[in-house]
1. Taking ALA48 as the residue in question, decide whether it is modelled with pLDDT of 75 or more, more than 21 Å from THR166 (Cβ to Cβ) and within 18 Å of the chain's Cα centre (by Cα).
2. Are any of the residues in the stretch 119-126 part of a strand (DSSP E or B) and surrounded by fewer than 18 Cβ atoms within 10 Å (Cβ to Cβ)?
3. May I ask you to list the residues in the stretch 45-65 that are open to solvent by 40 Å² or more (accessible area, probe 1.4 Å) and within 16 Å of TYR87 (Cβ to Cβ)?
4. In the stretch 127-161, what count of residues is obtained for those that are of a type in the set (S, T, N, Q), part of a loop (DSSP other than H, G, I, E, B) and at pLDDT below 95?
5. I'd like the residue in the stretch 64-85 that is in a loop (DSSP other than H, G, I, E, B) and of a type in the set (D, E, K, R) and, out of all such residues, is nearest to the chain's Cα centre (by Cα).
6. Considering each residue of the stretch 27-43, count those that are within 14 Å of the chain's Cα centre (by Cα) and loosely packed, with under 10 Cβ neighbours inside 10 Å, and give that number.
Amino acid sequence: MKKSTLLSTLAFAFIMLLSTHANAQKFAGLDKSPMDAALYKTSRSAPAIAKVIYSRPQLKGRSLGSLAPNGKVWRTGANEAANLTVYQDVKIGGKTVSAGEYSLFTIPGENEWTIILNKDINVWGAYSYNEANDVIRVDVPVTTGDELEAFSIAFSDGTMHLGWGTVRVNVPFSI
């Protein structure tokens, strides 16, 4: 009886060893344009005013103009259009925006970028962009800075900063 129990236990353990690998979850590799988020708060303990979720494409030796061409609507990142959630009414570039969820599109330019908030959300790229659903458009000047390999968005001092390559765009936010 002991021999039978030992053999059964060994057989069960062997089968379990073989079957755990067969059922292992396979995950995709790291996204080439990983998703990121930036949060706008006036202080660490204050409630959030806005949050932007976007994907971070990399230059990888390519020009900014080939990835976000001047004069064309861009999804402001990679993959899905960037998503901006505003938790309370704010002014963006002096224009009033009601609390809500919006897609963030931009039109890059040599000297200024047009920042667009659009009612259409959860859209892939700018392929289905519909100008009729724009909430606001704000033109902001382009400045320059140190080289940034990955497209980046950050908030500080009432400003949403967008940067990629040496291009910098600062979008004023106020409550």
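The values are calculated or read from the model by the stated rules, or taken from the named source; none is laboratory data. Small disclaimer: the values here were computed from a predicted structure and weren't measured. When we count neighbours, we look across all protein chains shown, and the Cβ atoms used for this are built from the backbone with ideal geometry, even at glycine. These accessible areas exclude ligands, DNA and RNA; they are computed on the full protein's heavy atoms, side chains included. Shrake-Rupley method; radii C 1.70, N 1.55, O 1.52, S 1.80 Å.
1. On the way: modelled with pLDDT of 75 or more: yes; more than 21 Å from THR166 (Cβ to Cβ): yes; within 18 Å of the chain's Cα centre (by Cα): yes.
So ALA48 passes the test.
2. Checking the stretch 119-126: at least one residue is part of a strand (DSSP E or B) and surrounded by fewer than 18 Cβ atoms within 10 Å (Cβ to Cβ).
3. SER45, PRO47, LYS51, ILE53
4. First, pick out the residues of the stretch 127-161 that are of a type in the set (S, T, N, Q): 128, 130, 133, 143-144, 152, 156, 159.
The next check asks that each one be part of a loop (DSSP other than H, G, I, E, B); those that pass are 128, 130.
Among the residues that remain, those that are also at pLDDT below 95 are: 128.
Qualifying residue count, the stretch 127-161: 1.
5. Going residue by residue through the stretch 64-85, those that are in a loop (DSSP other than H, G, I, E, B) are 68-73, 75-79, 81.
Filter once more, so that each one left must be of a type in the set (D, E, K, R): 72, 75.
Details: LYS72: 19, ARG75: 10 Å.
Among those residues, the one meeting the criterion is ARG75.
6. 0
Residue-by-condition table, conditions (1) in contact with a strand residue (DSSP E or B) (Cβ under 9 Å, 6 or more places away or on another chain); (2) within 25 Å of PRO108 (Cα to Cα); (3) in a loop (DSSP other than H, G, I, E, B):
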position	(1), (2), (3)
ALA28	no, no, yes
ASP36	yes, yes, no
ALA48	yes, no, yes
VAL52	yes, yes, no
ARG62	no, yes, yes
LYS91	yes, yes, no
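Residue by residue, here is whether (1) open to solvent by less than 30 Å² (accessible area, probe 1.4 Å); (2) over 21 Å from MET35 (Cβ atoms) holds:
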residue: VAL97; (1), (2): yes, yes
residue: GLU110; (1), (2): no, yes
residue: ASN133; (1), (2): no, yes
residue: ILE136; (1), (2): yes, yes
residue: GLY158; (1), (2): yes, yes
residue: GLY163; (1), (2): yes, no
residue: PRO172; (1), (2): no, yes
residue: ILE175; (1), (2): no, yes
